[in-house]
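Asker: Just dropping this structure here.
The values are calculated or read from the model by the stated rules, or taken from the named source; none is laboratory data. Not measured: the values here are computed from a predicted model. Cβ atoms come from the backbone with ideal geometry, glycine included; neighbour counts cover every protein chain shown.
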Amino acid sequence: MILIVDSGATKADWIALDEAGEQLFTTQTLGLSPEVLTKEIIVERITNNFDIYKNRKEVTHLFFYGAGCGTERMRNFMKDIFQEFFLTAKISVKEDTYAAIYATAKPHENAIVCILGTGSNCSYWDGEHIFQKVDSLGYILMDDCSGNYFGRQLLRDYYYNKIPADLANKFAENYDLEADTIKNHLYKQPNPNTYLATFAKFLIQNKENQYAHRLIKKGMQLFVDNWIRQYEQAGQVPVHFVGSISFYLKDELREVLEANGLSMGNVLRRPIDGLVSYHKSNI
C-alpha cells in the first residue's frame with residue numbers, strides 16, 4: 001500500500017493506493033506541522049484516524065509533503081515519527097512546496113509556484129530543482145497574504161476601530177471577539193496560526209465590501225513585492241498557486257498579478273489530486 005499525504009497547518013489529506021495505482025481509500029486528519037506540534041500530538045492525530053491506524057502494517061511507501069518541513073531537522077523529526085508508526089514502510093518527507101509543484105507544474109516546466117493557504121510560501125522551479133530566495137520565519141513575521149495574515153489584520157483593525165461600523169458589527173456577530181478568548185487562543189492554545197486563519201473566511205465572504213477589497217489587494221501586493229519579485233524570472237514564467245486563499249480569491253489575485261505584469265498559471269485549492277497523478281505516473 002502506498003500512502004500519499006499533503007499536510008498544511010490546518011488539515012492533512014491522505015490517499016492510499018495499491019501497487020497498481022488504484023485508490024483504496026481517502027481520509028483526512030488535522031494538520032501535522034512539526035513547527036507547532038509536539039511528537040505526542042502528531043502521533044495522537046494519526047492514531048485516532050481509523051483507516052490509517054487499521055492499515056498501518058500494510059503500508060510499504062509513505063510520501064509525506066508537509067508545511068513546516070523546510071529544514072532537514074524537521075524532515076528527520078517527521079520521518080522518525082512515521083517510521084515508528086509504519087514499521088515496514090519506506091518513508092519520504094518533503095516540504096509542501098514539492099506538493100504544490102508536482103500538482104501544478106507541467107513536466108520540465110519553468111515556473112514560480114506559490115502556496116496561499118493557512119500559511120504562504122513561494123519558490124522557483126526550473127523543471128528539476130527548487131530555488132528558494134527567502135527562508136520563511138513563520139506566521140508571526142512573514143506569511144504575507146495567507147489565511148493567518150488576513151486573520152491577524154482583521155483582528156488588529158477591529159480592535160483599532162478601523163473596520164467600518166456595519167462590517168465590524170457583522171464580524172462580531174459571526175465570531176467570539178472577546179479579548180480574553182482571542183488571547184487564550186493565541187498564547188495558550190496550540191496552532192495559533194490555524195486559529196488566526198479561521199477569520200479569513202469572513203474576509204472572503206465579504207470581499208465585495210470596500211474595506212475588505214482593499215485589505216485583500218494590500219495582502220496580495222505584499223506577497224508580490226516580498227516573495228514573487230525575489231525571482232528575476234518573474235514576468236517571464238507562469239505563476240502557479242495552491243491553497244484556499246488563492247482559490248477563493250482567484251479573480252482578485254489575477255487582477256493584482258496582471259497589474260504587476262505577471263502571468264497567472266494553474267490555481268488549485270488542494271494539491272492532493274495532482275499529487276496522486278504524479279505518483280501514479282511514477283509507480
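Asker: Contact list please: Cβ distance under 7 Å, first residue in the range 98-123 and assigned to a strand (DSSP E or B), second residue among the charged types (D, E, K, R), pairs at least six apart or on different chains.
Answerer: Going by the 7 Å Cβ cut-off, the qualifying pairs are ILE115/ASP96; SER120/ASP143; SER120/ASP144.
Asker: Still on this structure, I have one more. Restricting attention to the range 174-199, report how many residues are in contact with a Leu (Cβ under 8 Å, 6 or more places away or on another chain) and either among the β-branched types (Val, Ile, Thr) or assigned to a helix (DSSP H, G or I) (or both).
Answerer: Looking only at that region, the number is 5.
Asker: Would you point out the residue of the range 124-141, among those that are part of a strand (DSSP E or B) and touching a helix residue (DSSP H, G or I) at 6+ places or on another chain (Cβ under 7 Å), that is surrounded by the fewest Cβ atoms within 10 Å (Cβ to Cβ)?
Answerer: ILE130
Asker: Select, from GLY265, GLY261, the only residue that is at positive phi and modelled with pLDDT of 95 or more.
Answerer: GLY261 is the lone residue from the list that is at positive phi and modelled with pLDDT of 95 or more.
Asker: Does at least one position in the range 34-41 carry a residue that is touching a helix residue (DSSP H, G or I) at 6+ places or on another chain (Cβ under 8 Å), closer than 22 Å to ILE130 by Cβ and touching a residue at least 40 places away in the same chain (Cβ under 8 Å)?
Answerer: yes
Asker: All but one of (1) under 22 Å from GLU95 (Cα atoms); (2) charged (D, E, K, R); (3) part of a helix (DSSP H, G or I) hold for ASP251, so report the exception by its number.
Answerer: (1) is the only condition that ASP251 fails.
Asker: Identify, by number, the condition in (1) closer than 30 Å to GLN153 by Cβ; (2) surrounded by fewer than 21 Cβ atoms within 10 Å (Cβ to Cβ) that PRO34 doesn't meet.
Answerer: (2)
Asker: Residues in the range 43-67 that are part of a helix (DSSP H, G or I) and of a type in the set (D, E, K, R): how many?
Answerer: Of the residues in that region, 4 qualify.
Asker: Could you go through the range 144-154 and let me know if any residue there is at pLDDT 95 or above, closer than 22 Å to ILE245 by Cα, not in a helix (DSSP H, G or I) and not small (Gly, Ala, Ser).
Answerer: Among the residues of the range 144-154, at least one is at pLDDT 95 or above, closer than 22 Å to ILE245 by Cα, not in a helix (DSSP H, G or I) and not small (Gly, Ala, Ser), which makes the answer yes.
Asker: Filter the range 142-190 down to residues that are over 27 Å from LEU253 (Cα atoms), crowded, with 16+ Cβ neighbours inside 10 Å and not β-branched (Val, Ile, Thr), then give me how many there are.
Answerer: Number of matching residues: 2.
Asker: Identify, from the list ARG269, ARG229, the residue that is among the basic types (Lys, Arg) and within 19 Å of the chain's Cα centre (by Cα).
Answerer: Going through ARG269, ARG229 in turn, just one is among the basic types (Lys, Arg) and within 19 Å of the chain's Cα centre (by Cα): ARG269.
Asker: Can you tell me which residues in the range 235-274 are in contact with a Gly (Cβ under 8 Å, 6 or more places away or on another chain), aliphatic (A, V, I, L, M) and either surrounded by fewer than 19 Cβ atoms within 10 Å (Cβ to Cβ) or within 26 Å of GLY66 (Cβ to Cβ) (or both)?
Answerer: Within the range 235-274, VAL239, VAL242, ILE245, LEU268 qualify.
Asker: Out of the residues in the range 239-266 that are under 18 Å from the mean Cα position of the chain (by Cα) and among the polar types (S, T, N, Q), state the one that is nearest to ASP6 (Cα to Cα).
Answerer: SER244
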